[in-house]
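See below for the structure under consideration.
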Amino acid sequence: MALKKKVAAKRQAWNKGLEVGKRDGFTPAQVKQIRGLLTDRGAPGLRDLALFSTAIDTMLHAHDLLPLVVGDVQSRNGSIRPLIEVARARGMPPVRCALSKATANALEKWITSSGKKRTDYLFPGGDPSGSRPLSGRQLNRLLKVWVVEAGLDPRAYGIESLRRTKALHILKGTGDLQTVRALLGHVQIESTARYLGLKTKADPIAVCRAFDI
């Protein structure tokens, strides 16, 4: 509970001062490419690799992702949990997130190399003391660097691209919008459809009349 209060006291709007709007999600090939670029950096790239992979897997808003502390993802025995439950801002119910083996490995290497304790922010900001988490603005700048290094157009991608990527991939593979709704933590399925940019030109009433039984 103390950790949650600490986070709440220092949390601010993730998109303050940022250009927001619909942004593309990354394709599986692009995710693999960016992971490869960050892996090739060696030790200096461990934090960014863990951050990128965790953002893709959890599908969390930046204001819920960035305040995570080590204890949120690491068990007492030092192993990375395959399933985590994240308390969200604005009184929203917690959401469960599955971490892939690639993400767990990246997190384990980052935590070990950085010597972080369970109460430390998982992704601290520029303050040497590590007393504040990475900000949305800082994450946005990092993302633009990754995108440019991958040869992609930085104007087409933003922080929300990290959240949308796996959701769109799951929807494409399953067609199950209800499952994607639950993973994104939306209350209404209409919110999920709008968030992912799903559109239909059909008139619902006309469709209903065309299928009389």
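Worth a mention:
- For Thr119 and Gln138, the difference between the fully extended length at 0.36 nm per residue and the C-alpha to C-alpha distance is 4.7 nm.
- Spin-label model, Asn105 to Ser79: label points 7 Å out along the Cα-to-beta-carbon direction sit 1.7 nm apart.
- Peptides ranked, highest mean first, by Cβ atoms within 10 Å: ranges 58-67, 124-133: 58-67, 124-133
- Expected-Rg normalisation [2.2 N^0.38 Å, Cα atoms] applied to region 69-203: 1.21
- Karplus-based coupling profile of region 154-165, in residue order and whole Hz: x, 6, 8, 10, x, 3, 5, 4, 5, 6, 7, 3, with θ = phi - 60° in 6.51 cos²θ - 1.76 cosθ + 1.60 and x standing for Gly or Pro.
- In this structure region 62-213 gives 57 Å² per residue of accessible area when probed at 1.4 Å with all protein chains present.
- Only Lys, Arg, Asp and Glu carry charge here, each on its Cβ (+1 for the first two, -1 for the last two); on that basis region 18-176 has a dipole of about 140 debye about its Cα centre.
- Greater than 20 Å apart at Cα, pairs in Lys109/Lys144; Lys32/Lys144; Lys32/Lys166; Lys101/Lys166; Lys32/Lys117; Lys32/Lys109: Lys109/Lys144; Lys32/Lys117
- This model, with +1 at the C-beta of Lys and Arg and -1 at the C-beta of Asp and Glu, gives region 20-62 a dipole about its Cα centre of some 60 debye.
- For region 10-164, the carbon plus sulfur part of the accessible surface works out to 52%, probe radius 1.4 Å.
- Per-residue packing, averaged as other Cβ atoms within 10 Å, sorts the ranges 113-123, 156-166 into the order 156-166, 113-123, beginning with the highest.
The values are calculated or read from the model by the stated rules, or taken from the named source; none is laboratory data. Remember, it's a predicted structure, so these values are computed and weren't measured experimentally. Because the Cβ atoms are built from the backbone with ideal geometry, glycine has one as well, and the counts that use them run over all protein chains shown. Ligands, DNA and RNA are stripped out before the accessible areas are found, and what is left, the full protein with its side chains, is counted by its heavy atoms. Shrake-Rupley method; radii C 1.70, N 1.55, O 1.52, S 1.80 Å.
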